[in-house]
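Below is one structure; the comments refer to it alone.
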Amino acid sequence: AVLPAQYVSQMSYTDKLARPDEKSYYYRLLVVDSCGTNAFLSNVGRTIYLTATPKMDLTNILEWNYYEGWLGGVNSYNLYRSVDEGNLQWLVTLPANQNSYTDDVSEYMETNGKFCYYIEAIEDKAGNYYNVNDTSISNAVCATQTPRLYIPNAFRPGSPYNSLFKPVNVFA
C-alpha cells in the first residue's frame, strides 16, 4: 500500500521488550484512525544484528544480517569502530551485498585490545518514491583481543633488526 504524500510524517516507536544485542527483529506498523479503522499497513522492516569475534591472527570477524524493508533496498553499509572505548569513528563503507568484514587490528597491539562496532544501513533512493534517505543502525558489539606475551628465541646485538632481547606485550 502507498500512503498519499499529504499523510507522510515521521513516526517513532520504542520496543522496550526487544533485546537487539541478542537477535534481529521484524517490525510492521499499523495506523488506526480515530474511528478504529485500519488506515495503513506498512511494509515489514528487519533490524540489523551484528556479531564480532576476535581471532588469534589479530583480526576481528564482523557478521550481520542484511537490513530488509526499504522500497529501494540498501545502498551501502557504513561500519564504525572504537578502540579501547574511545569515540566511534567511521571505518569503511561496504556494498549492499556484503554482510561480513574482517577488521585487521594489528596496528593497535599497544592498546588494551577492546574494539567496539556498529553498522549503519543506508537506503537506496532508487525505487523510493518518497525520496527519503533513511538509515538503520545495528546493535553495538565489542570484541576483546586476547592479551599475548611474545618472547624472542634469538637476537642479534648491534643489528637494526632484532637487536634487543626482551618480551613484548600485545593487547596488555
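Overview of results
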quantity: Subset of region 86-135 [at positive phi and at pLDDT below 95]; calculated: 127, 131
quantity: Enumeration of residues in region 150-168 that are surrounded by fewer than 10 Cβ atoms within 10 Å (Cβ to Cβ) and among the hydrophobic types (A, V, I, L, M, F, W, C); calculated: 151, 154
quantity: Residues satisfying the stated conditions in region 67-91, i.e. open to solvent by 50 Å² or more (accessible area, probe 1.4 Å), under 18 Å from residue 45 (Cβ atoms) and in a loop (DSSP other than H, G, I, E, B); calculated: 71
quantity: Conditions (1) part of a loop (DSSP other than H, G, I, E, B); (2) in contact (Cβ under 8 Å) with a residue 12 or more places away in the chain: number failed by residue 34; calculated: (2)
quantity: Any hit, region 139-149, residues being in contact with a Gly (Cβ under 7 Å, 6 or more places away or on another chain), under 27 Å from residue 169 (Cβ atoms) and either crowded, with 17+ Cβ neighbours inside 10 Å or modelled with pLDDT of 95 or more (or both); calculated: yes
quantity: Filter result (assigned to a loop (DSSP other than H, G, I, E, B) and either open to solvent by 60 Å² or more (accessible area, probe 1.4 Å) or farther than 15 Å from residue 52 by Cβ (or both)) within region 114-138; calculated: 124, 125, 126, 127, 128, 129, 130, 131, 132, 133, 134
quantity: Flag if residue 18 is buried (at least 17 other Cβ atoms within 10 Å of the Cβ) and out of contact with any helix residue (DSSP H, G or I) (no Cβ under 7 Å at 6 or more places or on another chain); calculated: no
quantity: Tabulated pairs, region 94-113, first loosely packed, with under 15 Cβ neighbours inside 10 Å and polar (S, T, N, Q), second in a strand (DSSP E or B) and at pLDDT 95 or above, C-beta under 6 angstrom, 6+ apart or interchain; calculated: 100/63; 102/59; 102/61
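The values are calculated or read from the model by the stated rules, or taken from the named source; none is laboratory data. In this text, all values refer to a predicted model and were calculated from it rather than measured experimentally. Reconstructed Cβ throughout: ideal geometry from the backbone, glycine too, with neighbour counts over all protein chains shown. The accessibility values were calculated without ligands, DNA or RNA, using every heavy atom of the protein model including side chains. Shrake-Rupley method; radii C 1.70, N 1.55, O 1.52, S 1.80 Å.
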